[in-house]
Each structure stands twice: as C-alpha cells, then as structure tokens.
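Trainee: Before anything else, here's the structure in question.
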Amino acid sequence: MSRPPSIDPNCIAVFTGAGISAESGLKTFRGSDGLWENFRIEEVATPEGWARDPAKVLAFYNARRRGVAAAQPNAAHQAIARLEERFRVIVITQNIDDLHERAGSTEVIHLHGTIVQARSSIDHHYRTDYPLDGLSLDDRCPLGGALRPNVVWFGEAVENLEIAAKHLAMAGRVLVIGTSLTVFPAAGLVSAASFGAEKTIVAQELDHCPRGYRFLRGKAGEIVPTLVRQWLSTRSP
Ligand code: BJW
C-alpha cells in the first residue's frame, strides 16, 4: 500500500490570482470595475468567441499584453521571491502575467497560460513570443493557423494541474493570495493542501474561506511582506 507523501517544512506553495497583481495596475476579473464588468466572457474568453470574432478577441488581449508589459512587480511579488532566501518556494498562479518571474521567483507554474506567448489555433504545440505591438489576424504559424494568446479560455483544459496538486500536498506552508476561488478546477486546488500544513489566504474580499485556512483580509502588497518577514525570521513549523 502506498503511503501519503509527507510534508516538507522547508517548502512553501504560493497559489495566486488576479488580486496579487491589482496593486501593479492590472485589473481583476470580478467585482466592481473588474474586466468582466466591461467585457462579455463569452465574447472574449471562450473558443466560441474566438471562432465568432477573432479580431475582437485579439483587440482585448493586445491591450492586456501592453498592460502587462507596462506593469511592474509589486511588494507582494517581491516578498514571495525573497522567501527563496530560506525556503523552496513553488508559485502556482492562475495569472497570465509574468510578474512573479520578473520579481525573481524561480519555480512558477502557470495554470491558465501566459500572455507573453502566442500559440497556434491549430497546432497546440506551436508557441512563439506575443509581440508587444500586438497580434494581427495575418500572424500565422508555419501550418497556416492563426496565432492566438497562449491562455486558457472557459471550456479549455487547465494546464499543470497534477503537478500543482502534488506541490500543494507536500508543502509545509500554503499561502493563497488574491483569488476569489470561483473558477474551477483551479479553485479546487486549495483542498490539495495537507491537513498538517499551515494554510493562509490573503484577499480583500472572499465569499467563503476554505476549511483549515486562516483568512487575512486586506491588500496583498501590505499583508504579504509582513508575513514573509515573519517567516524569514522564525523557525519552520
Ligand atoms: C485583492 C486585491 C489586493 C483584489 N490584494 N486581494 C467544476 C469543475 C470543473 C470545471 C467547472 C466546474 N464548474 C464550472 C466549470 C467550468 C469553468 C468554470 O470554472 N466556470 C466558473 C465561472 C463556474 N471552468 C473552465 O471552463 C476551465 N476549464 C475546464 O473546466 O476544462 C474542462 C476540460 C477538461 C479537459 C479538456 C477540455 C476541457 C477553464 C477556466 C479558464 C479560466 N480562464 C480565465 C481567463 C484566462 C485568460 C485571461 O486572463 O483573460 O482565468 S477566467 C479568469 O478567472 C482568469 C483567472 O485566472 C480566473 C480566476 O480569477 P481570480 O484570479 O480568482 O480573480 P477574481 O477577479 O475572481 O478575484 C480576485 C480576488 O482578489 C478577489 O477575492 C479580490 O477581493 C481580491 N483582491 N485586489 C489582495 N490588492
């Protein structure tokens, strides 16, 4: 019989959503002035929307690509990167921006893809840089398929789920930041964390706090650096 994996007190899994990048100037999705207040999900974030009006979808993501390029990592991204001075840190993010990588985190797993890459709409394996001046309908892969953002739309398979669940299960500490936990299967990952792990969630608003987590309400850029300072200066759990 296989034994459940034991937890590693020197490993921290950080699971992030749009809220961590809000203080870098990138909009979240839900809530007042969120992206979904101003754009219809089915028009810009589904394969059906892409099939119906690819120009509209590209306009939406070209603007997001420019926004990400102009944004800088904030105090929360930087604090998470600093944790690597003492811990193994696995960042599992639903975000399509590259602010964790630019802050210096070295192990970053993207569940919903990344806007810094484009991919072919007919050859899933063909990936290339997403140009800063945007994609046009004339941009094609070598097989002739239109290029689209390398992101996961509703109805498409989420990436890296198994490996993300494995890391969450073995981490001694799990820190969830800035996600409404409403989009599945990613949101379900919080329950992959071990019963024995120290589990914390930081968000401005949260409808439902998952079992076993302590909820710290507030801005990631204020709460996360304080938490990180504590963890860097105290013994492992
Ligand atoms: C702050 C803050 C500050 C603000 N400091 N905090 C059950 C099981 C499985 C699937 C489903 C299911 N039920 C329904 C589904 C289907 C669907 C789904 O979940 N729908 C729900 C809406 C109900 N899921 C899917 O379709 C997924 N695929 C799938 O299921 O595939 C099946 C399949 C299998 C095999 C083959 C084929 C198919 C795919 C989901 C893709 C989601 N994509 C998006 C867009 C990505 C590209 C882009 O960016 O445009 O991902 S949607 C959007 O939501 C984006 C995000 O990653 C995701 C989550 O949002 P997030 O990060 O939580 O943001 P918000 O705005 O919701 O919350 C922000 C939080 O931050 C709030 O709490 C704020 O308070 C807080 N905050 N400022 C700290 N400064």
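The values are calculated or read from the model by the stated rules, or taken from the named source; none is laboratory data. All of these numbers come straight from a predicted model, not from anything done at the bench. Heads up, the Cβs are rebuilt from the backbone with ideal geometry, glycines too, and the neighbour counts pull from every protein chain shown. Surface accessibility is based on the protein's heavy atoms, side chains included, excluding ligands, DNA and RNA. Shrake-Rupley method; radii C 1.70, N 1.55, O 1.52, S 1.80 Å.
Trainee: For the chain, what is the accessible area per residue in Å² when the probe is 1.4 Å?
Mentor: 50 Å²
Trainee: Continuing with the same structure: Through the Karplus equation 6.51 cos²θ - 1.76 cosθ + 1.60, θ set to phi - 60°, convert the phi angles of the range 104-110 into ³J(HN,Hα) values in whole Hz; use x for Gly and Pro.
Mentor: x, 5, 9, 10, 10, 10, 9
Trainee: Rounded to the nearest 10 degrees, what's the angle between the helix 220-233 long axis and the longest principal axis of the chain, both from Cα atoms, 0 to 90?
Mentor: Between helix and principal axis, roughly 40 degrees.
Trainee: Out of all DSSP beta bridges with both ends in the chain, state the antiparallel percent to the nearest 5.
Mentor: Roughly 25 percent of the beta bridges in the chain run antiparallel, per DSSP.
Trainee: Going highest first, how would you order 225-232, 175-182, 68-75 by mean Cβ packing within 10 Å?
Mentor: 175-182, 68-75, 225-232
Trainee: Relative contact order for the chain using alpha-carbon pairs under 8 Å, separation at least 6, rounded to a whole percent?
Mentor: Reported relative contact order: 24 percent.
Trainee: On the protein heavy atoms, probe 1.4 angstrom, tell me the percent of accessible surface of the range 1-109 carried by carbon and sulfur.
Mentor: Carbon and sulfur: 51 percent of the exposed surface of the range 1-109.
Trainee: Normalised by the residues of the range 1-64, what does the relative contact order come to in percent, with Cα pairs under 8 Å and at least six apart?
Mentor: Relative contact order of the range 1-64: 13 percent.
Trainee: How many angstrom lie between the C-alpha centres of the range 65-143 and the range 168-209?
Mentor: Comparing the Cα centres of the range 65-143 and the range 168-209, I get a distance of 21 Å.
Trainee: Farthest toward the dipole's positive end in the chain, which of ASN74, ILE41, VAL14, given Cβ charges of +1 (Lys, Arg) and -1 (Asp, Glu) about the Cα centre?
Mentor: Toward the positive end, the furthest listed residue is VAL14.
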